[in-house]
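To start, the structure under review is shown below, and the notes come after it.
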Amino acid sequence: MQKIVLPLILATLALTACQEEITPQTEHVRSIKTYVVNDKTGGNLREYAGKVIAASSANLSFPVQGKVTEVFIQVGEIVDQGQILAQLDNIPFQLELNATKAELSKAKSSLHEKSEELKRTQKLYPKGWVSKAALDQAETAKKSAQSDVAFKQTRLNQAMRDLVDSQLKAPFNGVIAEKLFDANEDIKAGEKIFSIDSNDALQIAISVPEQIVPQVQIGMQAQASFSALKDIKALGRVTEIESSAGDASIFGVKVSLLERPQGLRPGMSSEVSLKIASVQEKTGFLIPLSAISAGDTTHKGYVFKFDETTSTLKKLPIIPQTAQANFIAVSGVNAGDVIASAGVSFLSDGLKVKLMR
């Protein structure tokens with residue numbers, strides 16, 4: 001009996017082993033911790049005093065002269081595009097509009113009369129009942145009446161425009177930065193009444209010496225701090241460099257802030273840091289030391305770049321430069337590259353991975 005049972009047990013174990021061998025294995029995809037390459041190294045950090053300004057600002061004035069009857073806003077108030085800010089006495093403009101309408105109506109009546117007179121003269125002339133001089137005079141009278149209508153229409157259009165311009169409206173959404181007049185004051189056409197700053201984007205205006213400005217580029221990253229906002233820093237980029245120098249060979253440069261810190265307002269003082277590279281200096285990108293895989297006889301080191309289209313890693317050779325704390329400056333990577341930042345000894349070229357959440 002034991003001789004029969006043993007073979008059955010062995011056969012069962014063998015069958016089970018075979019089933020285990022042919023059972024498909026689920027592919028294990030390794031999760032990796034990553035770092036986005038961004039911080040460029042190399043260069044000297046230089047700081048420049050600056051002033052926060054609105055990205056868009058405007059001085060507002062009435063295109064016509066008159067007496068201010070109402071001022072609807074005060075300094076510091078937020079206004080919307082098209083909102084009425086102030087009103088001139090519009091009675092003189094309404095009277096002028098009424099007068100020009102009457103003048104235009106009268107000119108049109110005169111044109112109608114001259115046109116009818118020309119038609120009558122043109123019928124009589126072939127019959128010899130009127131002279132050539134009379135015909136010429138009728139034609140000239142009609143042309144003169146036509147010119148008078150055009151002139152009166154222009155005056156009417158201007159009167160309508162002046163009436164509209166007796167209201168001063170906000171050209172864009174913003175904050176009233178300055179108010180120079182109150183109600184019951186007379187103003188001249190073009191005289192500054194308000195200044196308005198856009199309430200969205202902010203810039204910092206700085207001055208850069210002529211020796212340094214050739215190394216300042218549009219798009220260069222900057223960092224700003226503010227004396228009124230302790231422990232607050234904001235990133236920005238150079239968006240404008242003046243084409244000619246001002247006093248003392250200084251060039252105006254504007255840095256646009258990527259985000260607006262809470263409480264920051266135009267007029268506040270600021271310190272802007274720019275990293276200015278010298279020609280002799282090597283530049284690269286800072287990456288964590290833990291992201292570097294050991295080198296070989298061909299290259300001094302490698303990093304593993306994540307390819308989001310295939311979810312695989314690509315082994316890239318890099319050239320280490322100088323270490324800074326737990327980071328090291330390297331060349332061979334670019335801004336925006338996503339690289340593995342831990343466990344690189346267990347990674348390989350082409351390995352399928354997923355990003356750690």
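Taken together, the values in this text are just the output of simple stated rules run on the coordinates, not laboratory data. Fair warning: this is a prediction, and the values are worked out from it, not measured in the lab. Glycine gets a Cβ as well: all are built from the backbone with ideal geometry, and neighbour counts include every protein chain shown.
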Which value results when the Cα radius of gyration for the chain is divided by 2.2 N^0.38 Å? 1.94
Residues with amide H under 5 Å of ASP337's amide H, sequence separation 5 or more or different chain, H placed in the peptide plane at 1.01 Å from N; which? VAL37
Report ³J(HN,Hα) in whole Hz for each residue of the stretch 205-219, in order, from the Karplus equation J = 6.51 cos²θ - 1.76 cosθ + 1.60 where θ = phi - 60°; Gly and Pro get x. 9, 10, 10, 10, x, 4, 5, 9, 4, x, 8, 8, 10, 4, x
In a Gaussian network model over the chain where Cα atoms closer than 10 Å are linked, find which of PRO209, PRO126, PRO171 has the largest mean-square fluctuation. PRO126
For ARG265, list long-range residues whose amide hydrogen, built 1.01 Å from N in the peptide plane, is under 5 Å from its own amide hydrogen. none
Per DSSP helix of 4 or more residues, -39500 (n - 2.57); summed, then divided by the residues of the chain. What does that give at 222 nm, rounded to the nearest 500? -9000 deg cm²/dmol
Count neighbours as other Cβ atoms within 10 Å of each site's Cβ, and list the chymotrypsin sites (Phe, Trp or Tyr not before Pro) in the stretch 115-181 that are DSSP loop with at most 11 such neighbours. TRP129
So which aspartates and glutamates can LYS354 reach, going by Cα to Cα under 14 Å and dropping same-chain residues fewer than 8 places off? GLU27, ASP307, GLU308
The ³J(HN,Hα) series, computed from each phi in the stretch 337-351 with the Karplus coefficients 6.51, -1.76 and 1.60 at θ = phi - 60°, rounded to the nearest Hz and given as x for glycine or proline, is 5, 9, 10, 5, 10, 7, x, 5, 5, 9, 9, 8, 5, x, 5
When the distances between all Cα atoms of the stretch 116-184 are binned every 10 Å from zero, what whole-number percent does each bin get? 16, 22, 17, 14, 11, 10, 8, 2
Under the rule of at least 5 residues apart or a separate chain, name every residue whose amide H is placed under 5 Å from the amide H of LEU60. ILE193, PHE194, SER195, ILE196
If we count other beta carbons within 10 Å of each Cβ, what is the order of THR312, THR298, THR100, fewest first? THR298, THR312, THR100
Dividing the mean separation of Cα pairs under 8 Å (6+ apart) by the residue count of the chain yields a relative contact order in percent of 26 percent
Select from LYS127, LYS33, LYS101 the residue whose mean-square fluctuation is largest in a Gaussian network model of the chain (Cα-Cα springs shorter than 10 Å). LYS127
GNM top mover of GLU271, GLU103, GLU47 - the chain, alpha-carbon springs below 10 Å: GLU103
Which whole-Hz ³J(HN,Hα) couplings does the stretch 225-236 yield from phi under the Karplus relation 6.51 cos²θ - 1.76 cosθ + 1.60, θ = phi - 60°, glycine and proline marked x? 10, 9, 5, 7, 10, 5, 6, 10, 10, 9, 8, x
